1. Return the long-range amide H neighbours of MET378 (sequence gap of 5 or more, or a different chain), with a cut-off of under 5 Å between placed amide H atoms.
2. For the pair ASN279 and GLU333, what calculated FRET efficiency results from E = 1/(1 + (r/R0)^6), where r is the Cβ-Cβ distance and R0 = 30 Å, to the nearest 0.05?
3. Residue-wise, which Karplus ³J(HN,Hα) couplings in Hz belong to the stretch 22-35, taking 6.51 cos²θ - 1.76 cosθ + 1.60, θ = phi - 60°, and x for glycine or proline?
4. Which value, in Å², gives the accessible area per residue of the stretch 162-208 when a 1.4 Å probe is used on the protein heavy atoms?
5. At a temperature of 10 °C and a viscosity of 1.306 mPa s, determine how fast the chain diffuses translationally according to Stokes-Einstein, using the Kirkwood radius over alpha-carbon pairs as Rh; express D in µm²/s, rounded to the nearest whole number.
6. Tell me which of PRO126, THR236, ILE67 sits at the most positive position along the dipole axis of the chain, charges placed on C-beta atoms (Lys, Arg +1; Asp, Glu -1).
7. In degrees from 0 to 90, rounded to the nearest 10, what is the angle of the helix 339-351 Cα long axis to the longest principal axis of the chain?
8. Once phi is turned into ³J(HN,Hα) by the Karplus curve 6.51 cos²θ - 1.76 cosθ + 1.60 with θ = phi - 60°, what whole-Hz value does each residue of the stretch 213-225 show in order, with x for glycine and proline?
Amino acid sequence: MAIGDLSKQHLSLSVDGDRLMRRINSLAEISPIDGGGNCRLALTDDDKYGRDLLISWMKDCNLDVLIDAIGNIIGIWNIGQGAPVMSGSHIDTVRTGGRFDGCYGVLAALEVIETCQQSGIKPSRPLAVGIFTDEEGSRFAPDMLGSLVYVGGMPLEQALDVVAIDGAILGEELLRIGYAGTTPCPGLIPHAFVELHIEQGPMLEANNVRIGAVTSVQGISWQEVVITGQSNHAGTTPMSLRHDPAYVAAEITVFVRNLAKQMGGHQVCTVGKIDIHPNLTNVVAAKATITLDVRNTDEILLQKAESQIADFFVGLAKSEGVKITTRQLARFEPVIFDERVIDCVEQIAKAQGNTVQRMPSGAGHDAQMLARVCPSGMIFVPSVKGISHNPSEFTETIDLIAGANILLHTMLSLTTLDADSDN
Ligand code: GLV
Ligand code: MN
Ligand code: MN
């Protein structure tokens, strides 16, 4: 896709970087944690305070604010005709989150709209910013839950019944914080969707490149694994008579790491959560509950990893005399973004004097769900030392502003993209 006329006319237009940074820092004042990050798990009181702040900024920009039945917030600048070009992301965080993951994309989208409004640009169709519920999946699985429901990938009733890691029910939490909205799901189909995000990995920094034109998102498989054994006395039970869930959890952790190493390429495997019961020094555990996060850019290879893990469980349960049960928490196939959107991001990044590379995303994102219903893509900026899901997550201000300027011109260009949304 060629850079659209509207964007070409205004290529020198840029966002207000100070305002963007001020908003990023103000949002980070809600639920701060040591090290400069945030703990704003989905649908907690802190998530509500963040949402309230975002809505106040949307209203300052005279956006129409819709809250849908899964709590997604869509702010629309109602200008021109037809379906909006939408951007956005999420403001929930993992328990030890940084201040940029998700928040940057939401605030940059708002900044784009405010910049256009103040400079007198009149796009031919509306521009919108979306804040999607529970992108992280840290409190309620699966991840990207709000955007999944938004595009009709999960029935609303099923999503409202999801139980959190702390036992709360999603629908009740939405009501409690006042974000069970009335706008129906699935929601308004955008003309196109583009999400700006920090890379959360090391590639851009390592290659000394400023901008990633994201081509795809790797497939994700999450499962909860419960291992039940025989709890017993740690001093009196001979090693040969043990059925120890703690040991089995460790074996699984080692197995998946070796599997990823053997498979190579984009295969990654993580055991991120281990709960041992009763969790006492002198007791052989009764039960271990662990989570597995397995990802690959290639669906066939992802399935191969899943099946090797399943086979390993069968053998391990037998050899250790334990019971192993699994529950799928999330399963999404890899997603390929729209070539026209990728092209547009790449051209605009270059036209603005940035280095750019095409790359897949290792992390999951709301854009992968929007890709089911409209032409979609993403823009990445570098993460210092590739660190994310960690309070020390950091991106240089100059890179954050460069990314927001690419988002600005990408959104304007996409207003002229031929698509099906107006049929
Ligand atoms: C979302 O942040 C993910 O886990 O990729
Ligand atoms: Mn994110
Ligand atoms: Mn994240």
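1. Placed amide hydrogens put GLU195, VAL214 under 5 Å from MET378.
2. 0.25
3. In residue order, the calculated couplings are 4, 5, 4, 6, 5, 5, 5, 6, 8, 6, x, 10, 3, x Hz.
4. I get 45 Å² per residue for the stretch 162-208.
5. Translational diffusion coefficient: 71 µm²/s.
6. Highest projection toward the positive end goes to THR236.
7. Helix 339-351 sits roughly 60 degrees off the main axis of the chain.
8. 9, 7, 9, 6, 10, 6, x, 10, 10, 10, 9, 9, 10
The values are calculated or read from the model by the stated rules, or taken from the named source; none is laboratory data. Source: prediction; values computed, not measured. Glycine gets a Cβ as well: all are built from the backbone with ideal geometry, and neighbour counts include every protein chain shown. Each accessible area value is taken on the protein alone, full model and side chains, heavy atoms only, with ligands, DNA and RNA left out. Shrake-Rupley method; radii C 1.70, N 1.55, O 1.52, S 1.80 Å.
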